[in-house]
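Trainee: Would you mind keeping the following structure in view while I ask a few things?
The values are calculated or read from the model by the stated rules, or taken from the named source; none is laboratory data. Computed from a prediction, not measured in an experiment: that's the story for all the values here. Ideal geometry is used to build each Cβ from the backbone, glycine not excepted, and the neighbour counts take in all protein chains shown.
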Amino acid sequence: MHRVVAVALVLFVVSVQPAVAIGDAAHAEPGSVERAVDTSDTTQIVDSTASPTIAVDTVLSLTPDRPGSVGVVQTFETPEEVTELSVTLDPQSTVTETAGFSHVEGQTWEWDGRTDDPRLRYAMAANRTTDRQGPMGADGSYLYADVGEWALVQQPNVGLQWRYRGADSISVDRSTSVDGAGAVGETTAFLGPHEEHTRQVADQEITLIVPETAELADPPEQILDGLGNASRALQIGDHDPTVFAVAAPTNRVNWAVQGVQVGDTDFWVQANQPVDAVGSVWLHEYVHTRQSFRTAESGRWFTEASATWYATLLSQQQGVSFAALSNYLERGSLRPQAGSVLADPSDWTNNANYWKGALVSGELDRRLRLSTDGGATLQRVLATLNDRTSPVTNGDILAAVASAGSESTRDAAERLTTTSDAPTVWNREAHREAFGADAALLRVGFDPATDLRATGPYRNTTLDTPVTLAAGETLAVRTGVENRGGAAGEYAVTLRVDDEAVAAANGTLEPNERTTASLAHQFDEPGRYTVSVAGERVAVEVREPATPTVSDVAVDPTTVEPGGEVTVTATVANDESVPGNVTVAFTRDGGTVATRTVTVGPDERETVTATVELPASGTYRVGAGDRTADVRATTAASATTSPGFGAPIAIGSVLAALGLRRRRSGA
């Protein structure tokens, strides 16, 4: 009976440009079953519930003593169905330690088949350079870099080849983390101190990583506002659940580009780039995350053209003037780029796919809107192309234009993409006719210094950051939402605890309308949490409620007649950082005669009082908590016995004195 052995090859490739890895299956033994795993088939790689799974855990770390490289530790968990495993590392990797692997050749290492959780430790070159030119180009040469104190890197490439038996297929699940401060996206990682800001919008969570050394041109919440508005505006297919954006520091690295998008959801932009500039780099790279199509040569122009056009249009809808938009698009009508044939990349000059491509995309968008009375836009073309699985040709683009609009619009698209003809920029009136008034421009504001409150059983007060709560308290968050645009728009504000949505507020705002959106969450368990809202993150520590104690007691008066009452005043202190309640027992000779419950805030003092009756003559010990004081109950006569004569003695002395006086008179 022949043993059935399957052979599979998979290469995880992280590349700046969209890429598909294709490899030959390894040679199998006679009678074996061969399978090639293509990285574009994500179900075979990600769906770890459908079949036995090879888990690849990658941990990245800074190596400050070796700038230009980062440390990598990769641990492989193999199911029992896998009998052989070989790993091919990135060419710019230097292995420093292995467990369960032996070197084969080049960058390929082979598992011994016995060691559980075999491991490779190596240094990976982090600096990646390019001589890329174009509108997104910059003065330097770096696409990724490590300066020692921080690093912006691609996650490691790793090729896997394995043999297996007893299963229909083997899936691969990979995870990446940072040892120390850092954050990871799908294909990109930042290592070093940073702040993380998030925004939930349109079924998508946008994460903005701001390194400690980055000097932003705009506040994080303004960048997230711009990206969030773009997310709402682009209706070109399903949103990716997450987007990972990094504000790249500019003080130590000469970057080759103003920004770059990689994989499906990751991009970085130089921190000094404003989000509200015409053709914003932030918006340009975000649009790329929404393009899921691949292109053939003739369709290549549309990738950058549509990103440039929508970055321009979105920036105008978010406040840029029409004059700025017009001047920006005007570059597409200038020679030499205006004479380039877009469908023929070999004919491009002076970044024609960006400049002429953006102008042509805008012109087609304008014609589609006019020919359908606003019923269709270029977004419908993008959505159609996103649904394709084969590379998009210029013919596919023309067909999508015809389907969205009319044959006349298709004819214009063919002329503008297959000849040297170029459109001119339309005027302000034509722009208003086609694109209407300004779009909604929603801004969400949140100030941790004034918009956080603690409510619940102990207090209702404004909080400072970092926040400390007692278990059972509710954190109330107030946000301000306004629509600065020219059309009504829907907003959604989400409160998240440790990245899990716990509360949300949504609604619609008319132009120039503003509102307050309040959200709240009760914390029942002690611990440390991270609360995020409107792009801001706040650290919250929850502790057990404080137990205040009586620090002092006072009694007034200290002497009363039998059956009288004294007032006992207790000072209750709380020296902890959270509030708490305490029930104070007021006592007389050890027995409780009254109770009072008091709430005391952090590092505060409160007083509570109770009256205590002294039923009969005598000395009593009254108190509150563990503090006491002595008081007396006595009649009025006995109250004057000391110092001096008592009352009976005083009266007798007076009478005796009178008698003595009479005797002396008689004499």
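Trainee: Taking the stated definitions as given, is residue 84 over 25 Å from residue 151 (Cα atoms) and at pLDDT 95 or above? I'd like the intermediate steps shown before the answer.
Mentor: On the way: over 25 Å from residue 151 (Cα atoms): yes; at pLDDT 95 or above: yes.
Judged against the criteria, residue 84 is a match.
Trainee: Now a separate question. For region 273-291, indicate whether the set of residues that are part of a loop (DSSP other than H, G, I, E, B), among the charged types (D, E, K, R), within 32 Å of the chain's Cα centre (by Cα) and closer than 21 Å to residue 443 by Cβ is non-empty.
Mentor: Yes.
Trainee: Any chance you could count how many residues in region 177-186 are surrounded by fewer than 21 Cβ atoms within 10 Å (Cβ to Cβ) and within 19 Å of residue 239 (Cα to Cα)?
Mentor: Counting residues in region 177-186 that are surrounded by fewer than 21 Cβ atoms within 10 Å (Cβ to Cβ) and within 19 Å of residue 239 (Cα to Cα) gives 1.
Trainee: Yes or no: region 588-600 includes at least one residue that is surrounded by 12 or more Cβ atoms within 10 Å (Cβ to Cβ), touching a residue at least 40 places away in the same chain (Cβ under 8 Å) and not in a strand (DSSP E or B).
Mentor: no
Trainee: Report whether or not residue 530 is modelled with pLDDT of 95 or more and either closer than 22 Å to residue 242 by Cα or not assigned by TED's automatic domain parsing to the domain that holds residue 230 (or both).
Mentor: No, not satisfied.
Trainee: On to the next question. Quick check on my filter: what residues within region 81-106 are over 35 Å from the mean Cα position of the chain (by Cα) and aliphatic (A, V, I, L, M)?
Mentor: Within region 81-106, 82, 85, 99, 104 meet the criteria.
Trainee: Condition first: modelled with pLDDT under 95 and assigned to a loop (DSSP other than H, G, I, E, B). Can you find one or more residues in region 533-543 that meet it?
Mentor: Yes, the conditions are met somewhere in region 533-543.
Trainee: Return the total of residues in region 366-404 being over 19 Å from residue 432 (Cβ atoms) and basic (Lys, Arg).
Mentor: Count: 2.
Trainee: Out of everything in region 361-402 that is modelled with pLDDT of 95 or more, of a type in the set (S, T, N, Q) and surrounded by fewer than 20 Cβ atoms within 10 Å (Cβ to Cβ), what residue ends up being nearest to residue 264 (Cα to Cα)?
Mentor: The selected residue is 386.
Trainee: Can I ask one more? How many residues are aliphatic (A, V, I, L, M), free of Cβ contacts under 8 Å to residues at least 60 places away in the same chain and crowded, with 16+ Cβ neighbours inside 10 Å if we restrict to region 461-492?
Mentor: Within region 461-492, residues that are aliphatic (A, V, I, L, M), free of Cβ contacts under 8 Å to residues at least 60 places away in the same chain and crowded, with 16+ Cβ neighbours inside 10 Å number 4.
Trainee: Any residue at all in region 253-261 that is without any contact (Cβ under 8 Å) to a residue 60 or more places away in the chain and surrounded by 24 or more Cβ atoms within 10 Å (Cβ to Cβ)?
Mentor: Taking every residue of region 253-261 in turn, at least one turns out to be without any contact (Cβ under 8 Å) to a residue 60 or more places away in the chain and surrounded by 24 or more Cβ atoms within 10 Å (Cβ to Cβ).
Trainee: Given the criteria under 18 Å from the mean Cα position of the chain (by Cα) and either under 25 Å from residue 204 (Cα atoms) or in a strand (DSSP E or B) (or both), does residue 469 qualify?
Mentor: no
Trainee: Tell me the residue from 506, 512 that is more than 13 Å from the chain's Cα centre (by Cα) and not in a strand (DSSP E or B), please. Lay out the reasoning, then the answer.
Mentor: Details: 506 fails: not in a strand (DSSP E or B).
So the residue among 506, 512 that is more than 13 Å from the chain's Cα centre (by Cα) and not in a strand (DSSP E or B) is 512.
Trainee: Moving on to the next point. Find the residue count for region 332-360, including only residues that are in contact (Cβ under 8 Å) with a residue 24 or more places away in the chain, surrounded by 20 or more Cβ atoms within 10 Å (Cβ to Cβ) and part of a helix (DSSP H, G or I).
Mentor: 11
Trainee: Strands (runs of 3 or more DSSP E) wholly in region 106-214 with at least 1 residues that are touching a Ser or Thr at 6+ places or on another chain (Cβ under 9 Å) and within 27 Å of residue 231 (Cβ to Cβ) - which ones?
Mentor: Output list reads 142-146, 151-154, 171-178, 182-184, 188-191, 194-201, 204-211.
Trainee: Would you mind stating whether residue 267 is of a type outside the set (S, T, N, Q), touching a strand residue (DSSP E or B) at 6+ places or on another chain (Cβ under 8 Å) and in the same structural domain as residue 399 (by TED's automatic domain parsing)? Spell out how you get there, then give the answer.
Mentor: Details: of a type outside the set (S, T, N, Q): yes; touching a strand residue (DSSP E or B) at 6+ places or on another chain (Cβ under 8 Å): yes; in the same structural domain as residue 399 (by TED's automatic domain parsing): no.
Judged against the criteria, residue 267 is not a match.
Yes or no, residue by residue, for (1) crowded, with 24+ Cβ neighbours inside 10 Å; (2) out of contact with any Pro (no Cβ under 6 Å at 6 or more places or on another chain); (3) not β-branched (Val, Ile, Thr):
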site	(1), (2), (3)
284	yes, yes, yes
288	no, yes, yes
303	no, yes, no
306	yes, yes, yes
310	yes, yes, yes
316	no, yes, yes
321	no, yes, yes
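Trainee: Let me ask you something else. Does residue 477 qualify as being in a loop (DSSP other than H, G, I, E, B) and among the aliphatic types (A, V, I, L, M)?
Mentor: Considered against the rule, which asks whether it is in a loop (DSSP other than H, G, I, E, B) and among the aliphatic types (A, V, I, L, M), residue 477 comes out as no.
Trainee: Within the set of pairs 6+ apart or on separate chains, which have a first residue in region 556-574 that is at positive phi, a second that is at pLDDT 95 or above and surrounded by 18 or more Cβ atoms within 10 Å (Cβ to Cβ), and C-beta atoms under 9 Å apart?
Mentor: From region 556-574, the pairs are 563/614; 563/633.
Trainee: Ok, one more. Checking the conditions here, which among 536, 576, 544 is within 16 Å of residue 458 (Cα to Cα), in contact with a Pro (Cβ under 8 Å, 6 or more places away or on another chain) and surrounded by 15 or more Cβ atoms within 10 Å (Cβ to Cβ)?
Mentor: So the residue among 536, 576, 544 that is within 16 Å of residue 458 (Cα to Cα), in contact with a Pro (Cβ under 8 Å, 6 or more places away or on another chain) and surrounded by 15 or more Cβ atoms within 10 Å (Cβ to Cβ) is 576.
For every residue, the table says whether it meets (1) in a loop (DSSP other than H, G, I, E, B); (2) more than 27 Å from residue 198 (Cα to Cα); (3) in contact with an Asp or Glu (Cβ under 8 Å, 6 or more places away or on another chain).
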position: 416; (1), (2), (3): no, yes, yes
position: 422; (1), (2), (3): yes, yes, no
position: 426; (1), (2), (3): yes, yes, yes
position: 433; (1), (2), (3): no, yes, no
position: 454; (1), (2), (3): no, no, yes
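Trainee: Test residue 97 against the criterion of being more than 30 Å from residue 388 (Cα to Cα) and either modelled with pLDDT of 95 or more or touching a Phe, Trp or Tyr at 6+ places or on another chain (Cβ under 8 Å) (or both), and give yes or no.
Mentor: yes
Residue by residue, here is whether (1) among the hydroxyl-bearing types (Ser, Thr, Tyr); (2) in contact with a strand residue (DSSP E or B) (Cβ under 9 Å, 6 or more places away or on another chain); (3) over 19 Å from residue 89 (Cα atoms) holds:
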residue	(1), (2), (3)
106	no, yes, no
118	no, yes, no
149	no, yes, yes
154	no, yes, no
166	no, no, yes
185	no, yes, yes
189	no, yes, no
203	no, no, yes
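So that you can scan it fast, the table gives a plain yes or no per residue for (1) assigned to a strand (DSSP E or B); (2) under 22 Å from the mean Cα position of the chain (by Cα); (3) closer than 30 Å to residue 363 by Cβ:
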{"residue": "429", "(1), (2), (3)": "no, no, yes"}
{"residue": "458", "(1), (2), (3)": "no, no, no"}
{"residue": "516", "(1), (2), (3)": "yes, yes, no"}
{"residue": "519", "(1), (2), (3)": "yes, yes, no"}
{"residue": "531", "(1), (2), (3)": "yes, yes, no"}
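Trainee: Still on this structure, I have one more. Would you point out the residue of region 208-223, among those that are in contact (Cβ under 8 Å) with a residue 12 or more places away in the chain and over 19 Å from residue 258 (Cβ atoms), that is surrounded by the most Cβ atoms within 10 Å (Cβ to Cβ)?
Mentor: Result: 221.
Trainee: Return a yes/no flag: does region 189-198 have any residue that is surrounded by fewer than 19 Cβ atoms within 10 Å (Cβ to Cβ), within 35 Å of the chain's Cα centre (by Cα) and touching a residue at least 60 places away in the same chain (Cβ under 8 Å).
Mentor: There is at least one residue in region 189-198 that is surrounded by fewer than 19 Cβ atoms within 10 Å (Cβ to Cβ), within 35 Å of the chain's Cα centre (by Cα) and touching a residue at least 60 places away in the same chain (Cβ under 8 Å).
Trainee: From the list 560, 566, exactly one residue is crowded, with 20+ Cβ neighbours inside 10 Å and either of a type in the set (Ser, Thr, Tyr) or modelled with pLDDT of 95 or more (or both). Which is it? Steps first, answer last, please.
Mentor: Details: 560 fails: crowded, with 20+ Cβ neighbours inside 10 Å.
Result: 566 is the single residue among 560, 566 that is crowded, with 20+ Cβ neighbours inside 10 Å and either of a type in the set (Ser, Thr, Tyr) or modelled with pLDDT of 95 or more (or both).
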